[in-house]
Amino acid sequence: MTSTAAAAVPAATPRTVLVTGGSKGIGRGIAERMLASGHRVAATYRSGDVPAGVLGVRADVTVPEQVEAAFAEVESALGSVEVLVANAGITRDTLLMRMSDEDWDAVLATNLTGAFRVARRAARPMIRARFGRMVFISSVVGQLGSAGQVNYAASKAGLVGMARSLARELGSRGVTANVLAPGFVETDMTAELGEAAVEKYTAQIPLGRLGAVDDVAAAVEFLASDAAGYVTGALLPVDGGLGMGH
Ligand code: NDP
């Protein structure tokens, strides 16, 4: 899905941005919006492509060598990564009794360990530059829980503990680490839910609609901006009010 990046304005300070999972959905929308705002943007992909004007680097976040090669490629083409958006994520939904070790491991490996791996790689140049912005794409279900998503919810809740620890470790070096928790956003991931489930969820959302990719991208843009320099360790919901109070 493409975003409506028309509202984006030129960035106050152009940064080098890396988005993981930029081939579609939310990651693609984030890459498009950051590009429209004047940043230098790279995005990882496994299949498909990345938006025109974005540097595409093929990488699977579960493969350490591919992550290392992706960073090296971005650094030589665009400079050190100043804004990291750890977005790559998967689901393997099923009820607990049917959830295999493989279902658990695959989701944790991508959503949590993958985010850890890119954060660790991004940190050193950020510390050296005394500037960095890390944004982790979690989910409302990380706080609410979700039947059939024990693995996914655990991985998304894990990002909060990780980001808050990073905020403490890296704050004195000018590096912020924040978590963004989208609600239901119209992408391939939610297309799998089916119409009846979407209607049921929509009824629970105070704003009465699913989120658009650009709703999330706009919030990422804020967390990456100079204006958000005093925001770290935060969990920002972008969920139409679905998770209020959590
Ligand atoms: P999509 O399935 O549309 O896109 C997922 C992206 O992640 C793709 O670009 C995919 O790349 C990439 N990806 C998956 N596994 C890997 C991997 N091992 N290494 C590198 N890239 C990988 O999902 P969404 O856009 O909907 O979701 C994006 C993020 O937002 C996820 O973290 C998701 O959990 C989160 N989220 C989504 C919500 C929603 O309602 N859609 C709600 C809350 C959170 P490729 O296709 O090339 O494999």
Per the list (1) surrounded by fewer than 16 Cβ atoms within 10 Å (Cβ to Cβ); (2) under 18 Å from residue 83 (Cα atoms), residue check on residue 207 breaks on (2)
Mind checking which residues of region 225-246 are within 23 Å of residue 186 (Cα to Cα) and hydrophobic (A, V, I, L, M, F, W, C)?
-> 235, 236, 238, 242, 244
Pairs under 6 Å by beta carbon, first residue more than 19 Å from residue 237 (Cβ to Cβ) and among the basic types (Lys, Arg) in region 125-154, partner in a helix (DSSP H, G or I) and at pLDDT below 95, six or more apart or different chains?
-> none
Could we say that residue 92 is surrounded by fewer than 20 Cβ atoms within 10 Å (Cβ to Cβ) and touching a residue at least 60 places away in the same chain (Cβ under 8 Å) here?
-> yes
Determine, yes or no, whether residue 12 is touching a helix residue (DSSP H, G or I) at 6+ places or on another chain (Cβ under 9 Å), aliphatic (A, V, I, L, M), surrounded by fewer than 17 Cβ atoms within 10 Å (Cβ to Cβ) and assigned to a loop (DSSP other than H, G, I, E, B).
-> yes
How about region 175-246: which helices (runs of 4 or more DSSP H) wholly inside it have at least 1 residues that are without any contact (Cβ under 8 Å) to a residue 24 or more places away in the chain and within 12 Å of the ligand (Cβ to nearest atom)?
-> 188-191, 195-203
If you take the residues of region 167-184 that are crowded, with 24+ Cβ neighbours inside 10 Å and among the hydrophobic types (A, V, I, L, M, F, W, C), which of them is nearest to residue 146 (Cα to Cα)?
-> 181
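The values are calculated or read from the model by the stated rules, or taken from the named source; none is laboratory data. The model shown is predicted, which means the values in this text are computed figures rather than measured ones. As a convention, Cβ positions derive from the backbone with ideal geometry for all residues, glycine included, and neighbour counts pool all protein chains shown.
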